[in-house]
Amino acid sequence: MKRMFILMAMAACSSLLFSQKVEVMPYDGVSPRNGKIHYVLPKTEVVVVAKAELTIRKPGPFSQYAERFLAIDDAIKSELHKWKLVSLDAEMRAVADSSKQYLISVDKNGFTGKLTFTSIEQDRIAVDDVDTSIVFRMDYLEEEALVSTSVPKMAERAAKQIYQIREMKTSLITGDNSHQIDSKALKMMIKQLDQKEKELVALFVGKEKTYTMTREYAYVPANDVVRMIIGRISTVDGLVNADNLLGNPIYLSVIGDYLYAKRDRNSDKTRNRGFYYNVPGMATIVVSDNKNIKAEKKVKMPQFGFTEWLNSIINNVTIDSNTGEIVSFSIEKNK
């Protein structure tokens, strides 16, 4: 069975431990792996997390009579179905760097190391699983309004019904009625009247609903990028792909602060090499739109650094599985 270990983040700092002599060699995809352990160092994937909000508005069937019968002057007059971008963020995720594959050979005492790894998550699109339709409850109208053939008459009757409900609630709350009602039943009656009033008022003022969508856009930089379009926000369709030209751009910039090896990595060819690890560089990540939403972070990024190796005589090595860099190690001295 093939064994391939990918050093990636399952926690803030995962570890890889060795406590005996090992020899590590680059894996070219051809060399035999019998009796050896195959592992891959990580590189950083930038995940742009965008959140958008959908607003739906619909005028009520009596919207033109809202001011006349209810003295409401801010009723919804026209339909609206519009997405807008509300937030942007950038997260870092470790993925396998296929250019940094290695084979571990262990001495006769055997390999007792501990490797941690996890699978790579794919792009995620999440939309609230709800019904986005807007329905007006005409069944709350009294029969006199429902049988009317005139819309103004229906609206007038609905307004009178609203005022009657308000008077009834006032009577119940103040106790100005001829019936004794226990508190539990009273609360239930008021709740039902509130719901009925709300639906009747909506016939005049209209209804509004909001929903959210969260989407991830993943990109693995190999070098600097400036204002690359990673995705788009469409007022009609929400968060869409970068090639959907009907949406406004969401930009990603990655500016590296590169590190380079100070010695020739091919030197000391006669020495047995121990574990290979990353020396990551830094990068500034900027995510933005054309307006005022922006996120900026400075992070470690292995692909903007270089790879080093330890002496083959090692004792207690700890590797950060998110970046592939050394956290701590000690060298076993010759006795």
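The values are calculated or read from the model by the stated rules, or taken from the named source; none is laboratory data. Quantities reported herein were computed from a predicted structural model and do not represent experimental measurements. As a convention, Cβ positions derive from the backbone with ideal geometry for all residues, glycine included, and neighbour counts pool all protein chains shown. Keep in mind that these areas ignore ligands, DNA and RNA; they rest on the heavy atoms of the full protein, side chains included. Shrake-Rupley method; radii C 1.70, N 1.55, O 1.52, S 1.80 Å.
Inside region 187-247, counting only strands (runs of 3 or more DSSP E) that do not spill past its ends, which hold 1 or more residues that are hydrophobic (A, V, I, L, M, F, W, C) and open to solvent by 20 Å² or more (accessible area, probe 1.4 Å)?
Here the list reads 207-219, 225-234.
Modelled with pLDDT under 90, charged (D, E, K, R), more than 30 Å from TYR276 (Cβ to Cβ) and open to solvent by 50 Å² or more (accessible area, probe 1.4 Å), is that true of ASP131?
Details: modelled with pLDDT under 90: yes; charged (D, E, K, R): yes; more than 30 Å from TYR276 (Cβ to Cβ): yes; open to solvent by 50 Å² or more (accessible area, probe 1.4 Å): yes.
Yes.
Could you check, for region 257-274, whether at least one of its residues is open to solvent by 40 Å² or more (accessible area, probe 1.4 Å), modelled with pLDDT of 95 or more and not in a loop (DSSP other than H, G, I, E, B)?
Within region 257-274 (the criterion being open to solvent by 40 Å² or more (accessible area, probe 1.4 Å), modelled with pLDDT of 95 or more and not in a loop (DSSP other than H, G, I, E, B)), the answer is no, since none of the residues qualifies.
With respect to PHE136, is the statement that it is on the phi < 0 side of the Ramachandran plot, in a loop (DSSP other than H, G, I, E, B) and modelled with pLDDT of 65 or more true? Spell out how you get there, then give the answer.
Details: on the phi < 0 side of the Ramachandran plot: yes; in a loop (DSSP other than H, G, I, E, B): yes; modelled with pLDDT of 65 or more: yes.
Yes, satisfied.
Pull up region 276-325, narrow it to residues that are over 28 Å from ILE230 (Cα atoms) and in contact with a Leu (Cβ under 9 Å, 6 or more places away or on another chain), then point me to the one that is most open to solvent (accessible area, probe 1.4 Å).
Among those residues, the one meeting the criterion is ASN316.
Condition check ((1) under 30 Å from TYR251 (Cα atoms); (2) modelled with pLDDT under 95; (3) open to solvent by less than 80 Å² (accessible area, probe 1.4 Å)) across all residues:
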| position | (1), (2), (3) |
| --- | --- |
| ARG3 | no, yes, no |
| LEU7 | yes, yes, yes |
| LEU16 | no, yes, yes |
| SER19 | no, yes, yes |
| VAL24 | no, yes, yes |
| GLY29 | no, yes, yes |
| ILE37 | no, yes, yes |
| GLY60 | no, no, yes |
| ASP73 | no, yes, no |
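Quick check on my filter: what residues within region 49-83 are in contact with a strand residue (DSSP E or B) (Cβ under 6 Å, 6 or more places away or on another chain), charged (D, E, K, R) and either in contact (Cβ under 8 Å) with a residue 24 or more places away in the chain or closer than 30 Å to GLY305 by Cβ (or both)?
Of everything in region 49-83, those that are in contact with a strand residue (DSSP E or B) (Cβ under 6 Å, 6 or more places away or on another chain), charged (D, E, K, R) and either in contact (Cβ under 8 Å) with a residue 24 or more places away in the chain or closer than 30 Å to GLY305 by Cβ (or both) turn out to be LYS51, GLU53, ARG57, LYS58, LYS82.
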